[in-house]
Every structure is written in structure tokens, then in C-alpha cells.
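What follows is a single structure, written as C-alpha cells, with notes after it.
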Amino acid sequence: MPQIFHHSTNALAKLTIYGAVFILVAALWVTAELNRSSWNTGQWVERQQPVQFSHKHHVGDDGLDCRYCHTSVRSCRVSRTTPTSTCMNCHKQIWADSPYLEPVRASFRDGKPIEWIRVHDLPDYAYFNHSIHVNKGVGCSTCHGRVDQMPIAYQASTLQMEWCLGCHRNPEKFVRPQKEIFNMAWPPENKTKEEIDDGRKLVREFKIQPPKILTSCSTCHR
Amino acid sequence: MSEDRHINFKLMRERILAEQSGQDVRTPGKSYWRSLEELADSPEFREFVEREYPQQAEEWTDPVERRTFLKLMGASLALAGLSGCVFQPAEKVVPNVKESENRVPGKALFFATASSLGGIATPLLARSNEGRPTKLEGNPDHPNSRNADPNDRGSSATDIFSQASVLSLYDPDRSNVPLFREEARTWATFVGEIRTALDEQRPKQGAGMRFLTETITSPTLAAQLKGILTEFPQAKWHQYEPVNNDNARAGAMRAFGQPVNTIYDFSKADRILSLDADFLSAHPGTLKYARDFAARRRFVAPVLDTSLPVDINHLEKKRVFEMNRLYVIETTPTTTGASADHHWAIRPSELLESGKSDRCPG
């Protein structure tokens, strides 16, 4: 009785078994990469706004402080988007006839608010409070990136839970002195040993809770 | 239900007759029955009892079986979960055009105000979230919320009427526009119509015109109404409250010879007699009364220890006074009655006699 299977079948069987493992691992890797990609997180994606507003021009070139527009960032949960009247403080006088600013003037004239598109949109099941972060040494650029270099604002971080936990587990790597909070050029992460030692001091100074509390579920999922 | 009743009169009659003649041997001793059908004990009734719920009994002849149904429902629920796997739609941020002063999103603002009940105002702090009044509490800085003690920090207590009156500030069911016979009109239309009506009244000096309001003690509102009355001298202004103080005012008229409102000062009262008056919880101005009353219930022994700081000594000495004593004769249980040292529950018909009598009721 002849052999049913040819000799080459052995190799084929081995290849299939190893291949299955490889395909499984590859599938998991692709899923993980897709999940972290900007396609899923919205990172780096520039949001077109109703007004062609450039943070690069206002912050980088003109040197406006973040708090001129985002007034409530130190005192409350949201860093309020600026009311139209704040735009008009300057634009009554400069670029008062610019066609780019017509939506702003129209809003001020008609009393209809400008509907900005939210750039950093956390899921609704995550609680976030700007004031506690800003008051305890987390600078704007740590999460929002170099806003002074963004002609059109985009989401600078993944805003995924692992990204939040990166800092909540090791706050000393990210905190900065209180006077540098609004400094865009300050390095977003403490990397050298000296910087991390300074960070530890700041963690004590700001009385930042230990990681056990910072990573507790109900800290963010209330 | 009529088709469920299977009364067999013939059987029933036989059974009753058999029982009367002592021939019924079905059950030894006395037998009980709950309905005539049971007494008759017909075969139809037995079947009825066995089926228990003949009307509602479900016949499992439905083409959709229970298992199929559960399978379908399980699948639809599982698929419904998939609807969560979508990207969040772009969210909008809509700031105000002109920002109100002191307004910080997410932070409440507090405004000092007052709500009036029967013409007596209760000082309040209104909490406003994003421009909406959401909660009313007492204003501890108002003299009405403080007692005679200069160190008193004030109370933020309110009564049920003030708590409920938040809806008169912000009622989602209330119309935002003027209504004319349930149809929406603009304010301009309303002003136009009322102006025409007033112009018609002008030659008559407002004869036949009536204003009906609640008790108004607000000086501003009263001055505005008086302004209308000087413009229309013939018009009349009526103040009415469904639950009012008219009897108390009539009593004051007899006692003092002029219409006066009685305001009690419980901080000075050593003996208090309440004749069916729930002054601790249901009267206008009840908060002040309750606070003054309670202040006189705290008995503090004289402090002679000079090692204590001077101001505390001073405070403790000031607080030493005789406790007040509350006598309540009432017809229905109230908070005031529960706080009384001496309490008599009587019939409403007996109240008048108790008031006149110089002896305790009962």
C-alpha cells in the first residue's frame, strides 16, 4: 500500500503549526498597534475650526499667556474657551477688517457664540479636573504639547488610559516648578537623574498623593 | 367572568336540603363554603378549580417558541453592544459671547435674596450654577438668622416654603413667553395690548379696575403699585392670601385698637403659651422664632474659671439665663407641640374654651 502523504507534507504540517502561532501573535500585535494609532486615538489629527485661529501666532509670536483666554484653568475643572468678547479686546483695533475674522465679528455682532470643535475630548466616563493638575505642577505642554508651534491645534497625546497612568504612577517624572507651568519651552518630561530628584522634591512640596491613590479606579472613574 | 360561573342550581338545592336533613355524609362535622358554586360542588366547578386561572392560562400553541424567542433576544442584545464600538462624534465647545462677571464654569455663584411668605421675608442665599438658580439656603449674615448673642455665627436654616420656592425662580415647566389663551405671544404684543387697555381706562380714572396680589411688603413693589394707583385713583388694589393672618389681625385690632401685625420676640419670653399656633415650623418668620426660642433652651452653668480667655468667659456669662417654658394647647400634632414642656391635645371645638379658661384643659 503506497504512502498516502508525500514526504513534503511533514514540512508543510510543521510550517502550519508554527505559522499559526506566528499569525496569532501578529494579529495581537496589529490589534495593539491599531488601538494605539492616531487612527483610533485622534492624536496628531488637526481639527479645522470655524475660525482660522492659530495658537502658533498668538502664543508663539505674540507671547500671549495661556490664561489670557483660558482664564479658569487654575480655578476649575474646565479651562474655559474664551468668550468672543475677549477676542474683540484686541481685534476691535488690530486686523479689525480681516476677512478671516468675520466669524468672530459676526458672533460679537449677533450675540451668537462661536462653536469651536473640541480638540482634546476625554471619554465621558473619565473625570478630569484642570485646576488640580495645574496647581500641582503639571504644565500645559506636558499634555497639550508645544501649542506655541501649532498653527492649527491638534491633540498632542493619545489620551488613552495608559498615557494617564504613566504620570499617575510616576508623577516625579513629569512635574515642574510652579512658575514654569505656562512655559511652553520647558521639557515635558524629567529624564536625567537630577531632574527626577527635583521632581521628587516637587512631589513632596505639592503634597501629591502616592501612586496607590493616584491609580485608584475611583480617582478618575467616579 | 360570567362564563366562568358554573352554578348548578339543582345540585345546590339538593346539597342544602341534604345538609338540613343531616343526610350529607361527605364531611364529618361542620362544613364551610366560600361560594355558592363551592357548595354545589358541581363537576364544572371542580374543573374550574383545577384549572385555577382558566382565563389567563396560556396555551403553548404560539408558533414562536420560548427558546426561539430567547435566542433572538440574546442575539439582539449582543449586537446592541456593538453599537458602542464607534468613534465619538466631534464635540463642540460653545463659550459665551460676553462673559458675565465673576462667572467661572463649574463654580456656583451665590446671591443674597429673600422669599416672602405672608408678607414676612426670609433671608436667603440663592445658589446659581451656570446662571440657573439651583438651591436656596438661609443667609447666615442676615440679622434675622442671628440671635442676640454677639458671637453668634448665624444660621443657614430655611423652612419648607423657602426650600420649595426655588421652583418659582427656575421652573422648567413654566412658559418662557407671554401666553394669550394658551397661545404664545411676544412681549411686544403684550406691552401693546396692555397699553391699549390702560389708555381705555385713563378717562375713567381706572374705575372698575382691580389689582389682586398676595400680601406685598416689598417697599419697591408697593411703591410701584402706589404709582399706578395715583395714576388711576379709582382703581382698587386687593391683597389676598388663601392662608392668612386675618383672625390674628382682628384680635390685634381688639387688643390695640388698630390693625397691627404681631411680631413675637421669643428671646425675651420666659413663659410661652401657644394656643394651636405652630410658631416653630409653620408660621411666617418661623426661623427667627425657632432660633430665639432654641437660644433660650440652652442652659449654661456660670463659668468662674478665670484661666479661660476673657472673651469666652464673657460669652459664657452672657449666656446664663433662665430657660424658657413652653405650654402648648393644640388640636393636631406639630413640631411646636413636640417641643413643649407642657402639652395638651384637645378637640378643635374645645380650643376656644381652653383659651378663655384659667385652668389647664383635661
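The values are calculated or read from the model by the stated rules, or taken from the named source; none is laboratory data. Bear in mind the structure is a predicted one, so any value in this text is a computation, not a measurement. A quick note on method: Cβ atoms are made from the backbone with ideal geometry, for glycine too, and the neighbour counts reach across all protein chains shown. Just so you know, the surface numbers come from the protein's heavy atoms only, side chains and all, with ligands and any DNA or RNA stripped out. Shrake-Rupley method; radii C 1.70, N 1.55, O 1.52, S 1.80 Å.
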Is it the case that some residue within segment B:71-78 is assigned to a loop (DSSP other than H, G, I, E, B), more than 14 Å from every other protein chain (Cβ to nearest Cβ) and without any contact (Cβ under 8 Å) to a residue 40 or more places away in the chain? no
Residue A:77: passes all of (1) within 30 Å of residue A:160 (Cβ to Cβ); (2) open to solvent by less than 60 Å² (accessible area, probe 1.4 Å); (3) in a loop (DSSP other than H, G, I, E, B) but (2)
Would you mind stating whether residue B:106 is under 26 Å from the mean Cα position of the chain (by Cα), within 14 Å of another protein chain (Cβ to nearest Cβ) and open to solvent by 40 Å² or more (accessible area, probe 1.4 Å)? no
(1) in a loop (DSSP other than H, G, I, E, B); (2) more than 10 Å from every other protein chain (Cβ to nearest Cβ); (3) open to solvent by 30 Å² or more (accessible area, probe 1.4 Å): which one isn't true of residue A:32, the others all being true? (1)
I'd like the full set of residues that are basic (Lys, Arg) and either more than 14 Å from chain B (Cβ to nearest Cβ) or more than 16 Å from residue A:128 (Cα to Cα) (or both), limited to segment A:52-81. A:56, A:67
Every pair of residues 6+ apart whose Cβ atoms lie under 9 Å, when the first sits in segment A:197-221 and is over 12 Å from residue A:165 (Cβ atoms) while the second is open to solvent by 90 Å² or more (accessible area, probe 1.4 Å): A:221/A:125
Could you tell me which of the residues A:148, A:110, A:197 is under 21 Å from residue A:43 (Cα atoms) and among the charged types (D, E, K, R)? A:148
Of the numbered conditions (1) in a loop (DSSP other than H, G, I, E, B); (2) in contact with a helix residue (DSSP H, G or I) (Cβ under 6 Å, 6 or more places away or on another chain), residue A:168 fails exactly one; give the number of that condition. (1)
Any idea which of (1) part of a loop (DSSP other than H, G, I, E, B); (2) at pLDDT 80 or above; (3) open to solvent by 60 Å² or more (accessible area, probe 1.4 Å) is the one residue B:308 doesn't satisfy? (2)
Go through the residues of segment A:2-12 one by one and say whether even a single one is open to solvent by less than 50 Å² (accessible area, probe 1.4 Å) and either outside any helix (DSSP H, G or I) or closer than 30 Å to residue B:108 by Cα (or both). no
Residues in segment B:134-167 that are in a strand (DSSP E or B) and open to solvent by less than 60 Å² (accessible area, probe 1.4 Å) total 2
Go through segment B:18-75 residue by residue and tally those that are over 20 Å from residue B:8 (Cβ atoms), among the charged types (D, E, K, R) and modelled with pLDDT of 75 or more. 4
Tell me which of these residue A:121 doesn't satisfy, since it passes every other one: (1) in contact with an Asp or Glu (Cβ under 7 Å, 6 or more places away or on another chain); (2) open to solvent by less than 50 Å² (accessible area, probe 1.4 Å); (3) more than 12 Å from chain B (Cβ to nearest Cβ). (3)
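For every residue, the table says whether it meets (1) in contact (Cβ under 8 Å) with a residue 40 or more places away in the chain; (2) more than 30 Å from residue B:85 (Cβ to Cβ); (3) outside any loop (DSSP other than H, G, I, E, B); (4) in contact with a Pro (Cβ under 8 Å, 6 or more places away or on another chain).
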| position | (1), (2), (3), (4) |
| --- | --- |
| A:59 | yes, yes, yes, no |
| A:82 | no, yes, no, yes |
| A:90 | no, yes, yes, no |
| A:100 | yes, yes, yes, no |
| A:108 | no, yes, yes, no |
| A:113 | no, yes, no, yes |
| A:123 | no, no, no, no |
| A:126 | yes, no, no, no |
| A:148 | yes, yes, yes, no |
Residue under question is residue B:220, and the condition is that it be over 25 Å from residue B:114 (Cα atoms) and not in a loop (DSSP other than H, G, I, E, B); does it hold? no
